[in-house]
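Everything below concerns the one structure shown next.
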Amino acid sequence: MKKDILSLLPEELASELEALGEPRYRAAQVSRWLARGVRSFEEMSDLPRALREKLDERYMLNRPSVLSKQVSALDGTIKYLWELRDGNAVETVVMSYQYGNTVCISSQVGCRQGCAFCASTIGGLVRSLEPSEMFDEVLFSELDSGKKISHIVLMGIGEPLDNFDNVVRFLKLVNSPSGMNIGMRHITLSTCGLIERFDDLASLDLQLTLTVSLHAPDDETRSQIMPANRGRGVDALIRACRRYYEKTGRRISFEYAMIDGVNDTEKHARLLVRRARDCGAHVNLIPLNHVEERRFKPSTQGHMKAFMKILDEGGVNYTVRRTLGSDVDASCGQLRRKMQKDPAKTI
Ligand code: SAH
């Protein structure tokens, strides 16, 4: 089995090349080629031919190819569907903001968390992504779109903390100066609340932003729409958030998708105020994106207004997320689902 060269950290690549009898500067040379998106060792034209052949014998270099690309006519959001080496597909979205371009990447093919409103989890988990595959979601989005990527959010398909080691390695790769040199403070990791991993993440002291998909402040509602809450509970989640904040000094954000008649009552709003205060969290309110297979509907304007009034009165910091790319299925697994049902539709 050949080793995946793109998943090696810079220092690992350097010591492997040294073990092959190569001078130390070779690692930087190879990294530069990898970060340019070459698809074969053959293309690394300033390396001696013998070395290129040696690399080809020992390492694999798999790059994704574009299965479909949709550009929003409304706001320029680009949605890619990439084909991976084993034929699986994942989605990446590029969004442009005033402060730069953000890429939203997937961390797994499918998802096993079972959130009742989300399209990504409908077919379950197929497999986790390799560090190299996540790295290439960022790199190839930049190369193909011509938009310099400044920010990354792990809010595509999959649960990043269910693929912990590979995600951490990906973060180091994308942060490294020989990788894409994207600052950790420009990276957001979103989780459904796998709290047993929070301390591990905090202890790495990465300075990234941790976002928790809360979506309900009480166990009854949360366990109903997010199976990951069962056996963990909101109290424990809030305690884990507070510990994370105290340990890292990094404020946590809550994602809160407003679902009509499910989590948008005044009672929910009042409890959310308490939850946010208990761990100093910022709240992102998101109008639910309608998913074809799901019965949930977004909250009405009236309910959203009443909800926000309570957050205002409670002194909670919140923002209402703009919806981008709604005409290109740019939310959570919708494009991959469509592809599985009707491959002709999106190519
Ligand atoms: N598994 C991670 C990251 C992927 S989902 C997590 O749960 O956070 C990224 C965000 O989109 C999460 O907050 C998720 O709850 C939210 N989301 C999923 N389906 C949605 C929908 N139909 N409308 C709005 N937000 C949705």
So which aspartates and glutamates can K297 reach, going by Cα to Cα under 12 Å and dropping same-chain residues fewer than 8 places off? D260, D264
Degrees separating the helix 131-145 axis from the principal Cα axis of the chain, which is the longest one: 90
Net charge (Lys, Arg +1; Asp, Glu -1) of residues whose beta-carbon lies under 13 Å from that of M226, M226 excluded, is -1
Rounded to whole angstrom, the alpha-carbon centroid of the stretch 1-25 lies from that of the stretch 184-245 at a distance of 35
Over the stretch 65-341, what percent of the accessible surface lies on carbon and sulfur atoms, probe 1.4 Å? 46
Please give the per residue accessible area of the chain, computed with a probe of 1.4 Å over protein heavy atoms only, in Å². 44
So how do 211-222, 91-102 stack up, highest first, on mean other-Cβ count within 10 Å? 211-222, 91-102
With the contact rule set at Cα under 8 Å and sequence spacing of 6 or more, what percent relative contact order holds for the chain? 16
Principal axis extents for the chain, Cα atoms only, whole Å, descending order, please. 69, 48, 38
On average, how much area does the Cα convex hull of the stretch 172-328 cover when viewed from any direction, in nm²? 10.3
Relative to 2.2 N^0.38 Å, what does the C-alpha radius of gyration of the stretch 147-237 come to as a ratio? Two decimals please. 1.19
Residues other than A281 with Cβ under 12 Å of its Cβ, Lys/Arg counted +1 and Asp/Glu -1, net out at +4
Helix 10-19 sits at what angle to the longest principal axis of the chain, using alpha carbons and giving 0 to 90 degrees rounded to 10? 20
Which whole-angstrom value gives the distance between the alpha carbon centres of the stretch 249-293 and the stretch 104-141? 23
With the alpha-carbon atoms as the only input, what is the per residue convex hull volume for the stretch 3-60 in Å³? 75
Helix-only [θ] at 222 nm, the chain, -39500 (n - 2.57) per DSSP H run of 4+, per residue, nearest 500, equals -10500 deg cm²/dmol
Tell me, what is the percent relative contact order of the stretch 3-60, built from C-alpha pairs under 8 Å that lie six or more residues apart? 38
Taking Cα atoms, the helix 266-279 axis meets the longest principal axis of the chain at an angle in degrees (rounded to 10) of 50
Take each of the peptides 24-31, 76-83, 244-251, average the number of other beta-carbon atoms within 10 Å over its residues, and list them starting from the highest. 76-83, 24-31, 244-251
Take each of the peptides 279-286, 45-52, average the number of other beta-carbon atoms within 10 Å over its residues, and list them starting from the highest. 279-286, 45-52
Taking the dipole about the Cα centre of the chain, with the C-beta of Lys and Arg at +1 and of Asp and Glu at -1, give me whichever of Y97, F41, I310 is farthest to the positive side. I310
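The values are calculated or read from the model by the stated rules, or taken from the named source; none is laboratory data. Just so it is clear, the model here is predicted, and its values are computed rather than measured. FYI the Cβ positions are ideal-geometry reconstructions off the backbone, even for glycines, and counts take in every protein chain you see. These accessible areas exclude ligands, DNA and RNA; they are computed on the full protein's heavy atoms, side chains included. Shrake-Rupley method; radii C 1.70, N 1.55, O 1.52, S 1.80 Å.
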